[in-house]
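Contents: one structure, followed by commentary.
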Amino acid sequence: MPASPTPREFEAIMVARHGIQLAVFLIKSHFGELVSKVCECLLNRGSLSFQELVRFAELDPDDKSRNSLLVKKSLLVLIQHNCVQAFSVPKLGGPGGLPKLQTKYMILFDNVLHRLRFAKFLAIVRNDLGPKCEALLEGLLQHGRLTFDQLVLRATSKQPEATQDCVRTNFNELVQSHYIERCPRADPFIAPTPETKPGRRGSKSSVEIPTIEEQAILAASLSDIERFSGISPATNAGVEEKDEKLSEHSPSVSVGNKRKREIEVDSDVQATISETEILWRANFEKFVHCLKKKACVENIRSRLGVDAAVILEAMIESNCDQKATENSSVTATMDAILEGVRRKPGGNAMALEQVRIILDQLGCHLCSEDTGALYTIDLKGVIEICRNDEVESLVLRRYGKEAFRILRLLVKDGGKKETDMIADTTFIEKKENQVLLYKLWKDEYLDVERVVTAVGKQLTYFLWEVNKKKLLMHIVNDMYHAALNLSKRAGHMIEQDPEILLPKQGLPEKLQKEKTAEKRRWMILQSSLAKLDDALMLFHDF
Amino acid sequence: MPPQNPRLPKLSDVESEMYSVIKSRKGSGIWTNDLKKEVMGPPTAVAKALKSLLTKNLIKEVISIKNKSRKMVMAVEFEPSADVSGGAWYQSGSLDVAFIKILRQQCRRHVEEHKVATCEMVRKAIKEPKRGRPPVFTTEITLQQVYEILELMVLDKEVEKVRSSGVGDFSHVPEGRDCYRVSRGEGGPKEGAFASIPCGVCPRIHECTPDGVISPINCVYYNKWLGGLDF
C-alpha cells in the first residue's frame with residue numbers, strides 16, 4: 001500500500017487524485033518530463049528505495065542501463081528543491097545475515113504545491129523586509145537550497161555594489177524573522193518501532209503510532225535554535241569585547257590571551273563552516289503562517305469591518321505563543337495589542353474601550369494574569385468560517401439560493417434533519433426541497449439515512465446531514481482539478497505565443513490590440529489561479 | 001348507520017355513510033381514493049354521492065401540501081389542519097410568497113431601526129401603528145412567525161444572530177439574550193474563488209481530463225469566459 005509523509009498528506013494523496021496530477025504538472029513545467037516521472041512514481045507508490053524507483057519509473061525504456069543515472073539525477077533535483085526527503089531504515093539481510101541500511105525517498109507533497117505560491121512568498125518578504133531581502137529569498141526559491149557563500153556570489157553578480165556584510169545583514173534579518181532556515185538532516189536513520197504488547201481485551205490504545213514517513217520528518221528536523229541561528233562575521237566583535245572584559249578581571253594575562261586566541265580560532269572555523277557548508281532554504285511553515293494570518297484578517301475585515309481587522313492583525317503579530325507557526329491559538333496581552341494597534345494606520349484613534357468591545361466581538365477569551373489582561377483567540381474558528389463561505393458560494397452558484405439555504409441550515413445546526421423539517425425552516429416548496437436535496441446528495445454534498453417507522457402505519461422518513469470531512473475532501477479534489485485546468489490553459493497560451501508577455505510596440509494597431517487582450521486573458525488566468533490557491537490553502541494547509 | 005342530523009338535507013344511504021366518514025376525519029380530510037375504499041358500494045354510486053355532497057355544500061375539496069395531485073375532501077365546517085394546508089405560510093397549497101416577502105421586509109426594517117433587536121421587539125414594532133398609520137398586517141402575527149422569518153434571514157446572511165453583551169448597541173437588550181442585527185461588513189453570500197471560475201460550476205468537470213475530448217485547452221466554458229471579457 002502506498003505510504004506518504006503525514007496522515008493528512010496521505011489522505012490528500014490517496015483521495016485527491018487531481019492533487020497528484022497538479023503536483024506532477026508543476027514538477028514537469030519546472031524541471032521537465034524525467035523529473036516529473038520520478039515525482040509521479042513516488043506520489044503514486046509512496047516512499048521507495050533507489051532500486052525500486054529505477055524499476056518503477058522506467059525513464060528510458062529503450063536503454064535500461066541509463067535508468068539509474070536518470071533516476072539519480074532526477075532525485076538530486078527533487079532533493080535540491082526540497083521536494084524529496086531521504087531517510088534510512090534497517091533492512092534485514094539473508095538468513096543469519098547482518099541487517100543493512102536502506103535509503104528510501106519520500107515525496108513532500110506540500111512542498112511541491114508550495115511551488116505555486118512563490119510569488120506570494122516573495123511579496124510577503126518584500127512588504128516586510130524590503131527588496132534586498134526579497135532578492136535573497138528569490139535565490140533560495142530558484143535554487144532550492146544554497147550556502148551563504150553561494151547567496152553572496154549570486155547577490156554580487158547581480159548587484160556589484162552589494163558587499164558581503166550588506167548581504168549578511170539582510171540574510172540575518174531573514175533568519176531572525178524565520179523566513180529562511182537551515183536545511184533539515186539529509187538522511188536520518190529511523191530505528192524500527194518496538195512492537196507494542198497486546199493490551200487487555202477490550203482496552204483501546206488512544207496513542208497512534210506515527211508512520212515511518214512522519215518519523216522521518218521528525219528525525220530530519222532540527223531544533224529551533226539550530227534552524228534559525230544566523231551567520232556571524234569571521235572575527236566576532238562581540239567575542240572581542242567579551243574577551244577584553246575577561247582579561248581585565250583575569251589574574252593571568254597569558255592565560256586570557258590563550259583563551260582569546262582559542263575562541264577566535266573556533267569562531268573563525270565555525271563562521272567559515274557556516275558560510276560555505278551549511279545549506280539554507282525558505283521556511284515554508286512561516287510563509288503558510290503569514291498567509292493564514294492574511295486570510296483571517298481579510299475575513300474579519302469583510303465581516304466585522306476595518307477596525308476589527310486591525311485589532312486581529314495586531315493581536316496575531318504580538319502573539320506570545322512560542323510555537324506561533326504551529327498552533328492556531330493566538331494569545332496576547334492588552335498592552336501588546338494596544339501597542340500593535342497604535343502602530344497601524346488608522347489604529348491611533350482607537351480608544352481602549354473600543355478595542356475591548358471589538359475583542360469581545362471577535363470572540364476572544366479573556367483571562368487575567370499577573371502581567372495584565374490576556375486575550376486568546378483560536379483562528380480555527382475564523383478559518384472554519386472562511387471554508388464555509390467558499391463551500392456556500394459554490395453551492396449558491398451551482399444550485400441556487402434555496403440549496404444555499406439548505407446547506408447553511410445543515411452546517412449551522414449540525415446533525416440530521418428530516419425532509420419536511422428542512423422545507424419548513426428554509427421556506428422552500430416541499431417538492432422543490434426534495435429535488436434539491438436529491439441533487440445535493442447525488443453530488444456528494446449531503447448524506448442521507450432512510451428511517452422506516454414500524455409503529456402504526458408504516459412511514460418512511462429521510463434524514464439528511466452534511467458529512468463535512470467527505471465534503472471537504474471532495475471539494476479539495478475538485479479545486480486541484482480546477483487549479484490544474486487553469487495552469488494548463490495558461491501554459492497552452494504561452495505555448496501558442498511564447499512572446500505573450502513581451503511589450504507590443506512596433507506592431508500594427510489591430511494586432512497590438514489583439515495581443516494585449518490575449519496577455520490580459522493570460523493574466524486573468526494567473527490571478528484566478530492565485531485566488532483559487534488561496535482557497536485551496538484554507539482547506540489543505542491552514 | 002349513524003342517525004341523520006335533522007338540519008342536513010335528505011341524503012341517500014351511500015351519501016350519508018360517506019359524509020360521516022369524511023366528517024370523522026375532521027381537519028385532516030380524506031383522499032378520495034381512500035374514501036372509495038371505505039364506503040362500500042358500486043363505484044358509480046360512490047362517485048355520484050361524492051358529487052352530490054359537494055353540490056349540497058356539505059363537503060369541500062382541499063389541496064394537501066404533501067401531495068398536490070391527490071384530491072382531498074373535508075367537511076365544510078372544518079379548516080384544514082397544518083398537516084394538510086402546510087401551516088400559516090401556505091395559501092391554497094402553495095407558499096404564500098407575497099405574505100412572506102412583506103413580513104420579511106417589515107422584520108428587516110425594524111431590526112435596522114433598533115440596530116439590535118430581539119424577536120419580541122420586532123413583533124411589537126410590527127403590531128404597533130406607526131405615525132398614525134394602522135399596522136401593515138390586519139391578521140395576527142405570532143411570535144413564532146417572526147422568529148421563523150428572522151431565522152430565515154440569518155440563513156440568507158441578511159441578518160446575524162448575536163448574544164447581547166448589555167453594553168453599547170446592546171444597551172437596550174438584557175445581557176445574554178439572543179438578538180438580531182443587520183449583517184455587518186459586506187453581508188450576503190460571498191463570491192468564492194472556486195465559484196468565480198468556470199470549473200467551479202462546470203457540469204462536465206468529472207468528464208474533463210488534461211488530454212481528453214473535454215479538456216481545459218478546448219473547453220467551451222473557458223472560451224466563453226475569456227472571450228466574453230471586454231478589454
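A compact table of results
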{"quantity": "Cβ pairs under 7 Å, 6+ apart, first in the range B:189-216 and facing another protein chain (nearest Cβ under 7 Å), second outside any loop (DSSP other than H, G, I, E, B) and of a type in the set (F, W, Y)", "calculated": "B:P189/A:F404; B:P216/B:Y222"}
{"quantity": "So A:V476, is it outside the structural domain of A:N388 (by TED's automatic domain parsing), open to solvent by less than 80 Å² (accessible area, probe 1.4 Å) and either among the acidic types (D, E) or touching a helix residue (DSSP H, G or I) at 6+ places or on another chain (Cβ under 9 Å) (or both)", "calculated": "yes"}
{"quantity": "Among the residues listed as B:K115, B:K127, B:K161, the single one being farther than 30 Å from A:N485 by Cα, touching a Pro at 6+ places or on another chain (Cβ under 6 Å) and in contact (Cβ under 8 Å) with a residue 12 or more places away in the chain", "calculated": "B:K127"}
{"quantity": "Those residues of the range A:407-433 which are part of a helix (DSSP H, G or I) and farther than 30 Å from A:K292 by Cβ, in sequence order", "calculated": "A:T419, A:D420, A:M421, A:I422, A:A423, A:D424, A:T425, A:T426, A:K430, A:K431, A:E432, A:N433"}
{"quantity": "Output for the range A:425-437, where each listed residue is out of contact with any strand residue (DSSP E or B) (no Cβ under 9 Å at 6 or more places or on another chain) and at pLDDT 90 or above", "calculated": "A:T426, A:E432, A:N433, A:V435, A:L436"}
{"quantity": "Among (1) open to solvent by 50 Å² or more (accessible area, probe 1.4 Å); (2) closer than 17 Å to B:V154 by Cα; (3) hydrophobic (A, V, I, L, M, F, W, C) - the single one A:I422 does not satisfy", "calculated": "(1)"}
{"quantity": "Residue within the range A:446-458 that is closer than 30 Å to B:T209 by Cβ, open to solvent by less than 20 Å² (accessible area, probe 1.4 Å), free of Cβ contacts under 8 Å to residues at least 40 places away in the same chain and not assigned by TED's automatic domain parsing to the domain that holds A:D335 present", "calculated": "yes"}
{"quantity": "Count of residues meeting criterion [in a loop (DSSP other than H, G, I, E, B), more than 24 Å from B:E61 (Cα to Cα) and open to solvent by 30 Å² or more (accessible area, probe 1.4 Å)] in the range B:81-122", "calculated": "1"}
{"quantity": "Filter result for B:M153 (more than 27 Å from A:I357 (Cα to Cα) and open to solvent by less than 40 Å² (accessible area, probe 1.4 Å))", "calculated": "no"}
{"quantity": "Residue list for the range A:389-419, restricted to those being charged (D, E, K, R) and more than 8 Å from chain B (Cβ to nearest Cβ)", "calculated": "A:E402, A:D413, A:K416, A:K417, A:E418"}
{"quantity": "Matching residues in the range B:157-188 - criterion: being surrounded by 15 or more Cβ atoms within 10 Å (Cβ to Cβ), at the interface with another protein chain (Cβ under 8 Å from one of its Cβ atoms) and farther than 30 Å from A:S528 by Cα", "calculated": "B:S165"}
{"quantity": "Which listed residue, of B:K68, B:K127, is in the same structural domain as B:D178 (by TED's automatic domain parsing), within 26 Å of A:F427 (Cα to Cα), surrounded by fewer than 17 Cβ atoms within 10 Å (Cβ to Cβ) and not hydrophobic (A, V, I, L, M, F, W, C)", "calculated": "B:K127"}
{"quantity": "Flag for B:V146 being modelled with pLDDT of 90 or more and surrounded by 14 or more Cβ atoms within 10 Å (Cβ to Cβ)", "calculated": "yes"}
{"quantity": "Scan of the range A:492-526 for residues that are assigned to a helix (DSSP H, G or I), open to solvent by less than 90 Å² (accessible area, probe 1.4 Å) and either more than 10 Å from chain B (Cβ to nearest Cβ) or touching a Ser or Thr at 6+ places or on another chain (Cβ under 7 Å) (or both), ordered by number", "calculated": "A:I494, A:L511, A:Q512, A:K515, A:Q526"}
{"quantity": "Of all residues in the range A:446-455 being among the charged types (D, E, K, R) and farther than 17 Å from A:L472 by Cα, the one that is nearest to the chain's Cα centre (by Cα)", "calculated": "A:E449"}
{"quantity": "Filtered residues of the range A:343-390 (kept if in a helix (DSSP H, G or I) and touching a Cys at 6+ places or on another chain (Cβ under 8 Å))", "calculated": "A:L379, A:V382, A:I383, A:C386"}
{"quantity": "Residues of the range B:217-231 classified as assigned to a helix (DSSP H, G or I) and more than 7 Å from chain A (Cβ to nearest Cβ), total", "calculated": "6"}
{"quantity": "Residues satisfying the stated conditions in the range A:425-445, i.e. over 40 Å from the mean Cα position of the chain (by Cα) and open to solvent by less than 40 Å² (accessible area, probe 1.4 Å)", "calculated": "A:F427, A:I428, A:K430"}
{"quantity": "Residues that are away from chain B (no Cβ under 13 Å) and not hydrophobic (A, V, I, L, M, F, W, C), drawn from the range A:420-459", "calculated": "A:Y438, A:Y445, A:D447, A:E449, A:R450, A:T453, A:G456, A:Q458"}
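To keep it simple, each residue is scored yes or no on (1) at pLDDT below 85; (2) within 15 Å of the chain's Cα centre (by Cα); (3) more than 24 Å from B:L8 (Cα to Cα).
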{"position": "B:R25", "(1), (2), (3)": "no, no, no"}
{"position": "B:G41", "(1), (2), (3)": "yes, no, no"}
{"position": "B:K48", "(1), (2), (3)": "no, no, no"}
{"position": "B:K56", "(1), (2), (3)": "no, no, no"}
{"position": "B:I63", "(1), (2), (3)": "yes, yes, yes"}
{"position": "B:K66", "(1), (2), (3)": "yes, yes, yes"}
{"position": "B:R70", "(1), (2), (3)": "yes, no, yes"}
{"position": "B:S85", "(1), (2), (3)": "yes, yes, yes"}
{"position": "B:G93", "(1), (2), (3)": "yes, yes, yes"}
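A quick yes/no check of all residues on (1) open to solvent by 70 Å² or more (accessible area, probe 1.4 Å); (2) not in a loop (DSSP other than H, G, I, E, B):
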{"site": "A:K104", "(1), (2)": "no, yes"}
{"site": "A:R115", "(1), (2)": "no, yes"}
{"site": "A:N127", "(1), (2)": "yes, yes"}
{"site": "A:K132", "(1), (2)": "yes, yes"}
{"site": "A:L137", "(1), (2)": "no, yes"}
{"site": "A:L140", "(1), (2)": "no, yes"}
{"site": "A:Q150", "(1), (2)": "yes, yes"}
{"site": "A:P160", "(1), (2)": "yes, no"}
{"site": "A:T169", "(1), (2)": "yes, yes"}
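The values are calculated or read from the model by the stated rules, or taken from the named source; none is laboratory data. What you see is a predicted model; the values in this text were computed from it and never measured. Note that we place each Cβ from the backbone using ideal geometry, even for glycine, and neighbour counts take in every protein chain shown. For the accessible areas, the whole protein counts, side chains as well, though only heavy atoms, and no ligand, DNA or RNA atoms are used. Shrake-Rupley method; radii C 1.70, N 1.55, O 1.52, S 1.80 Å.
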